[in-house]
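Okay, so here's the structure we're looking at.
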Amino acid sequence: MHPRELMNEFTPWVEKYRPKKLSEVMGQTETVRRLQAYVDSKAIPHMLFAGKPGTGKTTCVLAMARELYADNLQECFLELNASDERGIDIVRGKIKDFARTLPLTNVPFKIILLDEADSLTTDAQQALRRTMEKYSSNTRFCLSANYSSKILEPIQSRCAVFRFRPLSDDEILQIVKNVAEKEGITLDDAAAKAIAYVAEGDGRTAINVLQGASIGGKAIKEKDVLVVSSRARPQEIGE
Ligand SMILES: Nc1ncnc2c1ncn2[C@@H]1O[C@H](COP(=O)(O)OP(=O)(O)OP(=O)(O)O)[C@@H](O)[C@H]1O
Ligand SMILES: [Mg+2]
């Protein structure tokens with residue numbers, strides 16, 4: 001089983017309620033539509049997902065991989081964190097091992113998610129560019145980055161680039177209300193507004209604040225939200 005599939009009662013809500021399918025992803029409509037078309041046709045280019053944290057980048061690539069590989073996720077989908085894996089040599093070694101075998105599925109390629117690709121040095125990105133070319137017959141790379149401007153132009157030009165927008169307050173509220181309902185939590189309007197305010201378009205922050213605010217009880221008020229989030233109330237800003 002893929003590590004991402006393992007959950008228990010301690011799994012944070014952000015993981016527990018991560019959308020499993022592209023159709024469950026909130027917002028990013030045009031991006032999701034194009035990604036769904038890739039999945040349906042089983043034809044996927046290298047991709048660059050750019051945008052602020054908590055907007056659905058990792059969620060979308062995981063959902064694509066799940067839809068494509070089903071029970072073969074473990075063999076066909078590799079996640080590497082560019083900034084964790086000290087040095088491109090380790091990344092390269094892992095990619096080499098992973099890309100050596102072809103998947104035994106009806107999908108003729110594997111997917112590698114390289115998270116935080118914008119933290120790679122220029123040299124590392126040059127090496128990555130060669131690696132992408134070397135394995136492109138049976139591997140597709142999905143790079144995720146907060147800043148696409150930090151990705152070398154020759155890499156960008158090999159990728160379909162998708163820009164993930166900060167989620168709207170309405171989208172944030174839908175995410176939060178969905179989780180609240182499943183956890184048996186109620187929140188009043190002021191609390192919901194406060195979560196949207198502190199989240200600033202970041203779905204991860206919104207769910208984390210909801211989970212934090214629920215520690216004291218299942219009926220959440222604005223003050224419970226403000227205690228767990230470090231930002232001041234809107235009215236206080238001008239004071
Ligand atoms: N568009 C969305 N629709 C529904 N839930 C979302 C969305 N975006 C984020 N979330 C929630 O926030 C969590 C984190 O999202 P995700 O891992 O996709 O962020 P990311 O864009 O990859 O951020 P980072 O840049 O920090 O890697 C998800 O598990 C999910 O619970
Ligand atoms: Mg991510």
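Every number here is computed from the coordinates shown, using simple stated rules; none is lab data. Note that the structure is predicted; figures quoted are calculated from it, not measured. Cβ: placed from backbone, ideal geometry, glycine included. Neighbour counts: every protein chain shown.
Structural remarks
- Applying the Karplus relation 6.51 cos²θ - 1.76 cosθ + 1.60 with θ = phi - 60° to segment 131-148 yields 3J(HN,Hα) values of 4, 4, 5, 4, 9, 5, 5, 10, 9, 10, 9, 10, 9, 10, 8, 7, 10, 5 Hz, where x marks Gly and Pro.
- Per-residue HN-Hα couplings for segment 89-99 [Karplus 6.51, -1.76, 1.60; θ = phi - 60°; Hz; x = Gly/Pro]: 4, 5, 4, 4, x, 5, 5, 4, 4, 5, 7
- Computed from the Kirkwood radius of its Cα pairs, the Stokes-Einstein diffusion coefficient for the chain at 4 °C and 1.567 mPa s stands at 68 µm²/s.
- Under Karplus coefficients 6.51, -1.76 and 1.60, residue-wise ³J(HN,Hα) of segment 41-50 in Hz, glycine/proline x: 8, 6, 10, 10, x, 5, 9, 10, 9, 10
- Taking 1.002 mPa s as the viscosity and 20 °C as the temperature, the Stokes-Einstein diffusion coefficient of segment 169-230 based on its alpha-carbon Kirkwood radius rounds to 198 µm²/s.
- Packing-based ranking, highest mean first, of 106-114, 31-39 given that Cβ atoms within 10 Å are counted: 106-114, 31-39
- Estimated 222 nm signal from helices in the chain, with DSSP H stretches of n ≥ 4 weighted -39500 (n - 2.57), rounded to 500: -13000 deg cm²/dmol
- In Å, descending, principal axis extents of the Cα set of segment 135-197: 51, 26, 13
- Above-threshold pairs, the threshold being 23 Å between Cα atoms, out of 21/57; 52/221; 57/221; 21/110; 20/52: 52/221; 57/221
- When +1 charges are put on Lys and Arg Cβ atoms and -1 charges on Asp and Glu Cβ atoms, the dipole computed for segment 49-146 relative to its Cα centre reaches about 260 debye.
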